[in-house]
Number of protein chains: 2
Amino acid sequence: MKKTFPLSKVYGLLEPGPVVLVTTAHKGRANIMTLSWLTMMEFEPPLIGMVMSDRNYSFAALKATKQCAINIPTVEMASRVVGCGNTSGRKVDKFAAFGLTPRPAKYIDAPLINECYANLECRVTDAHLANRYNFFVLEVLKAWIDPACKNPRTLHHLGKGRFMVAGRTITLPSRMK
Amino acid sequence: MKKTFPLSKVYGLLEPGPVVLVTTAHKGRANIMTLSWLTMMEFEPPLIGMVMSDRNYSFAALKATKQCAINIPTVEMASRVVGCGNTSGRKVDKFAAFGLTPRPAKYIDAPLINECYANLECRVTDAHLANRYNFFVLEVLKAWIDPACKNPRTLHHLGKGRFMVAGRTITLPSRMK
């Protein structure tokens with residue numbers, strides 16, 4: 001079971017650069033896209049900058065509905081993450097094809113992926129750079145986390161199917177947020 | 001000694017989400033800033049979207065000179081990375097304070113940090129979102145890498161001085177770039 005996660009701490013989930021699964025829903029069809037091109041833009045409310053290529057089936061859904069969920073997978077899901085990246089929602093129902101469980105979101109129509117350890121419900125707040133750079137500014141409306149997942153082994157794409165898996169954690173005295 | 005690195009492969013350095021050290025030079029002063037908020041935006045020529053808070057001393061230099069270098073450190077440099085994040089170039093010469101070696105760049109005036117395993121020489125190509133979001137679009141003009149560093153233990157910020165250190169690498173059959 002997921003529990004609610006404070007919006008003030010969302011940056012700590014995305015700053016390390018994990019591969020994410022972006023879910024959308026449009027015209028009765030839910031879809032999943034594997035994506036690595038995103039960054040935090042503001043702490044609270046959390047803003048995220050995300051690049052989604054217009055070659056992807058999800059692009060039209062994101063632009064039309066102005067909603068998506070960012071779901072963060074761990075290494076146990078690696079083959080499904082790659083599967084979602086190598087297929088198109090034009091042809092494949094990815095939830096069915098990869099055995100992923102959609103869970104209703106609270107504020108958006110796009111489903112959350114239950115197998116991911118964290119889920120962020122987002123709405124597009126700025127699409128000015130969507131035409132030029134496929135760049136969207138998202139606001140996180142609600143965040144969920146699996147409290148049992150203390151040390152998530154996130155995936156970090158190195159290109160062409162190579163992934164770095166999150167390693168050990170170190171702590172240094174710091175005044176940085 | 002660094003060697004030149006193909007621009008077509010730069011995305012593989014930044015996609016995994018490492019903490020970076022951004023160098024600038026302005027009015028005769030070089031500076032270093034620790035930063036995690038950046039994303040790839042295009043493969044080639046490589047475009048990077050980067051958020052640099054206007055509270056930082058480096059912000060004015062970046063805006064005025066439209067140049068910076070993105071230097072990627074590894075875990076051996078962790079205390080210096082945090083040191084650069086906890087001090088301001090207004091008061092501290094960070095190269096001197098943290099024993100970092102400036103190396104001249106080829107295309108820009110900002111120095112590269114020799115201790116970092118990779119260095120990207122960048123120019124600002126779009127600052128339309130700088131006022132609203134502190135967001136800059138950078139083009140990588142030249143990339144350098146340490147060929148001896150086969151398995152870089154990059155740092156990935158989790159918040160408040162906690163870092164994930166890059167772990168093992170896995171490879172899955174993939175058609176993704």
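The values are calculated or read from the model by the stated rules, or taken from the named source; none is laboratory data. Here the structure is a predicted model, which means the values were calculated and not measured. Here Cβ is always computed from backbone atoms with ideal geometry, including for glycine, and neighbour counts include all displayed protein chains. The area values use the complete protein model at the heavy-atom level, side chains included, leaving out ligands, DNA and RNA. Shrake-Rupley method; radii C 1.70, N 1.55, O 1.52, S 1.80 Å.
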Charged-residue dipole, Cβ positions (Lys, Arg, Asp, Glu), region A:1-104 about Cα centre, Debye nearest 20: 480
Expressed as a whole percentage, what fraction of the accessible surface of the protein assembly as shown belongs to carbon and sulfur atoms when a 1.4 Å probe is rolled over the protein heavy atoms? 51
Mind checking which of B:Pro73, B:Pro18, B:Pro46 has the largest fluctuation in a GNM of chain B, springs on alpha carbons under 10 Å? B:Pro46
In Å², nearest 10: area of A:Ser58 left accessible to a 1.4 Å probe: 0
So which lysines can A:Lys91 reach, going by Cα to Cα under 16 Å and dropping same-chain residues fewer than 8 places off? A:Lys27
If each part is reduced to its alpha-carbon centroid, region B:108-177 and region A:140-177 end up apart, in Å, by 17
Along the positive direction of the dipole of region A:40-149 (beta-carbon charges: Lys, Arg +1; Asp, Glu -1; about the Cα centre), which of A:Cys149, A:Val51, A:Leu120 reaches farthest? A:Val51
Where the only charges are on Cβ atoms (+1 Lys, Arg; -1 Asp, Glu), what is the dipole of region B:35-153 about its Cα centre, to the nearest 20 debye? 340
For region A:81-95 and region B:52-75, what is the separation of their Cα centres, given in Å? 38
Near A:Lys9, which lysines are there with a Cα under 16 Å away, not counting those fewer than 8 places off in the same chain? A:Lys142, A:Lys150, A:Lys177, B:Lys160
Along the positive direction of the dipole of chain B (beta-carbon charges: Lys, Arg +1; Asp, Glu -1; about the Cα centre), which of B:Gly83, B:Phe136, B:Pro6 reaches farthest? B:Gly83
Which residues in region B:27-48 have a backbone N closer than 14 Å to a point placed 7 Å from the Cα of B:Thr169 along the Cα-to-Cβ line? none
Apply the Kirkwood formula to region B:1-132: the hydrodynamic radius equals the inverse of the mean of 1/r over all pairs of different alpha-carbon atoms; give it in Å with one decimal. 14.9
Once a ≥ b ≥ c are taken as the square roots of the eigenvalues of the Cα gyration tensor of region B:85-127, is the result rounded (a/c under 1.5), prolate (a/b larger than b/c) or oblate (a/b not larger than b/c)? oblate
Shielding score for B:152-159, defined as the mean number of other chain Cβ atoms within 10 Å: 6
Just add up the charged neighbours of B:Asp146: K/R +1, D/E -1, any other residue whose Cβ is under 9 Å from the Cβ of B:Asp146. +2
Listed residues A:Pro16, A:Met40, A:Ala61: farthest to the positive end of the dipole of region A:16-75 (Cβ charges): A:Ala61
Would you check the accessible area of A:Trp37, probe 1.4 Å, heavy atoms only, in square angstrom rounded to 10? 30
